[in-house]
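Report on the structure given below.
The values are calculated or read from the model by the stated rules, or taken from the named source; none is laboratory data. Quantities reported herein were computed from a predicted structural model and do not represent experimental measurements. FYI the Cβ positions are ideal-geometry reconstructions off the backbone, even for glycines, and counts take in every protein chain you see.
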Amino acid sequence: MFATLSDRLADTFKQLRGKGRLSEADIDATAREIRIALLEADVALPVVKEFVAAVKERARGAEVTGALNPAQQVVKIVNEELVTILGGETRRIRFAKNPPTVIMLAGLQGAGKTTLAAKLALWLKGQGKSPMLVAADLQRPNAVKQLQVNGERAGVTVFAPEPGNGVGDPVAVARTAIDEARRTLHDVVIVDTAGRLGVDAEMMQQAADIRDAVQPDEVLFVVDAMIGQDAVSTAQAFLDGVGFDGVVLTKLDGDARGGAALSIRSVTGRPVMFASSGEKLTDFDLFHPDRMASRILD
Ligand code: GDP
């Protein structure tokens, strides 16, 4: 991920090396190169425009100070602007004052939701929490089983509807699960909901019904970073249909160009909170905008 973007930006900065002072033409040329690099990385156009305008303005105003030469100053500005579009500070889970904290997951089928649910549960366990996973994805025949298997691997309790009860009602399952969590002193409940292959009104309604029934403290939108710009349009649809507080980017280990990671915060106004980067349950962490920016500029 980001390999092409990193290379392109490095080439751009190389051209500024050795310059004593940046002319207007240098700044324009640099801005153009950065624009191309971001567009090639599949970053959404409005985000690219805003980014380039900010870099240009700051590069123009940059004083030639003792510590940094002009090329280094541009790198510093780009770094800071990357951190900004990636969300600035790391956004952590806001735990409820009165447990359990309810975290609801929403997203398309195949986004990596079920895997993520177990990863998040394992991570929370490492933070000293006692999480419970709830199988409210009753759409996909194998989803309940998959959550149970993953939950077992993570060593966390999974609340699932009794088998053989037909399709079942995900709202009732989620509601019952929260009562059960309270009774059994689990302090975080993670509700896995059904996705579809594409954005679908019925799926949105079901997720909204679950949201209304369980009043989650955090709704996390889970999205596959590999789908690039589609991640941004899907996010917009979920924002309108269900609403969410934060984003989880999955499959960051793939060879995606990085556009989803760089666009989603600016377009939706919601922070990326977690990053999932592999099939192992431990391939998961908080999303750190500063570390991600450094990786891009490495
Ligand atoms: P769901 O339909 O949203 O519940 O998605 P799943 O959790 O079933 O994941 C779909 C596929 O993506 C599975 O084969 C997972 O093993 C895989 N997957 C999930 N997260 C990641 C990730 O971060 N990296 C990679 N490479 N694969 C992942």
Single condition Ala154 does not satisfy, out of (1) within 12 Å of the ligand (Cβ to nearest atom); (2) touching a residue at least 40 places away in the same chain (Cβ under 8 Å); (3) surrounded by fewer than 24 Cβ atoms within 10 Å (Cβ to Cβ): (1)
Counted residues, the stretch 177-194 - those being modelled with pLDDT of 95 or more and in contact with a Pro (Cβ under 9 Å, 6 or more places away or on another chain): 10
Qualifying residue in the stretch 259-272 (condition: within 22 Å of Arg295 (Cα to Cα), part of a loop (DSSP other than H, G, I, E, B) and not hydroxyl-bearing (Ser, Thr, Tyr)): yes
Residue list for the stretch 264-280, filter: near the ligand (Cβ under 10 Å from one of its atoms) and touching a residue at least 24 places away in the same chain (Cβ under 8 Å): Ala275, Ser276, Ser277, Gly278, Glu279
The stretch 78-94, subset over 15 Å from the mean Cα position of the chain (by Cα) and buried (at least 17 other Cβ atoms within 10 Å of the Cβ), residue nearest to the ligand (Cβ to nearest atom): Leu82
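Would you point out which residue out of Ala293, Ala256 is within 22 Å of Thr12 (Cα to Cα), touching a helix residue (DSSP H, G or I) at 6+ places or on another chain (Cβ under 9 Å) and in a loop (DSSP other than H, G, I, E, B)? Give the derivation first.
Numbers: Ala293 fails: in a loop (DSSP other than H, G, I, E, B).
After ruling out the rest, the residue left standing is Ala256.
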Any pair with Cβ under 9 angstrom, 6 or more apart, that starts in the stretch 3-24 at a residue that is within 16 Å of Ala62 (Cα to Cα) and ends at one that is of a type in the set (Asp, Glu) and at pLDDT 90 or above: Leu16/Asp26; Lys19/Asp26
Whichever residue in the stretch 242-267 is surrounded by fewer than 21 Cβ atoms within 10 Å (Cβ to Cβ) and modelled with pLDDT of 95 or more and, among such residues, is nearest to the chain's Cα centre (by Cα): Asp245
Candidate set from the stretch 100-134 (those that are within 13 Å of the ligand (Cβ to nearest atom) and of a type in the set (S, T, N, Q)); member that is surrounded by the most Cβ atoms within 10 Å (Cβ to Cβ): Thr114
Conditions (1) within 27 Å of Asp7 (Cβ to Cβ); (2) surrounded by fewer than 23 Cβ atoms within 10 Å (Cβ to Cβ); (3) within 16 Å of the ligand (Cβ to nearest atom): number failed by Ala235: (1)
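Is it the case that some residue within the stretch 54-77 is on the phi > 0 side of the Ramachandran plot, surrounded by 14 or more Cβ atoms within 10 Å (Cβ to Cβ) and either in contact (Cβ under 8 Å) with a residue 60 or more places away in the chain or touching a strand residue (DSSP E or B) at 6+ places or on another chain (Cβ under 7 Å) (or both)? Let's see the steps before the verdict.
At the first step, the residues of the stretch 54-77 found to be on the phi > 0 side of the Ramachandran plot are none.
No, the stretch 54-77 has no match at all.
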In the stretch 114-136, residue farthest from the chain's Cα centre (by Cα) [restricted to those that are under 21 Å from Thr176 (Cα atoms) and of a type in the set (Ser, Thr, Tyr)]: Ser130
